[in-house]
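Report on one structure; see the data block that follows.
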Amino acid sequence: MNVLKLLVVAGMLSSMTTWAQAQEDPFADAVETRHGLMLQMGADLAKMGAMVKGDVAFDAALSAKAAANLAAIASVLSMEQFPAGSENGKAADSYAKAELWANEQDFLAKIADLNAAAAALQPLAAADVDSLKTGMGGVGKACAACHTAYRMAE
Ligand code: HEC
């Protein structure tokens, strides 16, 4: 076998390996990333929620930090973490409904709603516990609106 043939075979083998990996689970990274972003937003909300419930004393700096984190993560959400076809039943561990991709504009609007609510929360989270509660209410509604439409119950 000459060098050229060897290179062609090697190239075929390497693209077959890539293909095989992609067949295994092409959406694994996207699902893992979106779950991580969602879980971190949940953790930030929980920190603020503990202050609203009175489990933890209100701390303006910690509350403002959690609100800033949440806003930063909300700003990362996009279709990039939701590639077409990565719904429940097609992507391992996903609870995303197929409707999400049939209503992409609405899904993006719900991301924008979350970003607006997260921006509104920031000054409130730094103020006092009643303001924090009001701001969290807006964010919680934005989370729930999208979950009701596009996330399956586990
Ligand atoms: C624009 C839509 C949208 C918004 C807004 C949204 N989520 Fe989600 N969330 C989803 C979808 C879709 C899933 C399911 C993803 C999957 O399993 O593939 C999900 C899943 C989750 C999960 C489960 C993660 C896991 O590991 O299974 C948590 C927790 C979560 N979201 C928290 C939040 C919180 C907290 C907010 C608000 C601060 C929020 N989400 C806002 C769409 C959204």
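The values are calculated or read from the model by the stated rules, or taken from the named source; none is laboratory data. The structure displayed is predicted, hence computed values, not measured ones. Neighbour counts run over all protein chains shown; Cβ positions are idealised from the backbone, glycine included. Only protein heavy atoms, including side chains, enter the accessible area calculation; ligands, DNA and RNA are left aside. Shrake-Rupley method; radii C 1.70, N 1.55, O 1.52, S 1.80 Å.
Overview of values
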item: Sole residue being assigned to a helix (DSSP H, G or I), open to solvent by 40 Å² or more (accessible area, probe 1.4 Å) and either within 21 Å of Glu154 (Cα to Cα) or out of contact with any strand residue (DSSP E or B) (no Cβ under 8 Å at 6 or more places or on another chain) (or both), chosen from Asp93, Asp113, Asp55; result: Asp113
item: Leading residue by the ranking (farthest from Glu32 (Cα to Cα)) among those in the range 72-111 that are within 11 Å of the ligand (Cβ to nearest atom) and of a type in the set (S, T, N, Q); result: Asn103
item: Cβ pairs under 6 Å, 6+ apart, first in the range 93-118 and over 15 Å from Leu77 (Cα atoms), second near the ligand (Cβ under 6 Å from one of its atoms) and open to solvent by less than 60 Å² (accessible area, probe 1.4 Å); result: Asp93/Val31; Ser94/Val31; Lys97/Tyr150
item: Residue within the range 119-126 that is within 10 Å of the ligand (Cβ to nearest atom) and at pLDDT 95 or above present; result: yes
item: Neighbours by Cβ (under 9 Å, 6+ apart or cross-chain): first from the range 25-45, within 13 Å of Glu80 (Cβ to Cβ); second part of a helix (DSSP H, G or I) and open to solvent by 40 Å² or more (accessible area, probe 1.4 Å); result: Ala30/Glu80; Thr33/Glu80
item: Failed condition for Ala84, given (1) within 12 Å of the chain's Cα centre (by Cα); (2) surrounded by fewer than 16 Cβ atoms within 10 Å (Cβ to Cβ); result: (1)
item: In the range 127-154, residue nearest to the ligand (Cβ to nearest atom) [restricted to those that are touching a residue at least 12 places away in the same chain (Cβ under 8 Å) and β-branched (Val, Ile, Thr)]; result: Val139
item: Matching entry among Ala127, Ala153 (being under 24 Å from Pro26 (Cα atoms), open to solvent by 50 Å² or more (accessible area, probe 1.4 Å), out of contact with any helix residue (DSSP H, G or I) (no Cβ under 7 Å at 6 or more places or on another chain) and outside any helix (DSSP H, G or I)); result: Ala153
item: The listed residue being open to solvent by 30 Å² or more (accessible area, probe 1.4 Å), closer than 13 Å to Met48 by Cβ and over 16 Å from the mean Cα position of the chain (by Cα), out of Leu121, Leu62; result: Leu62
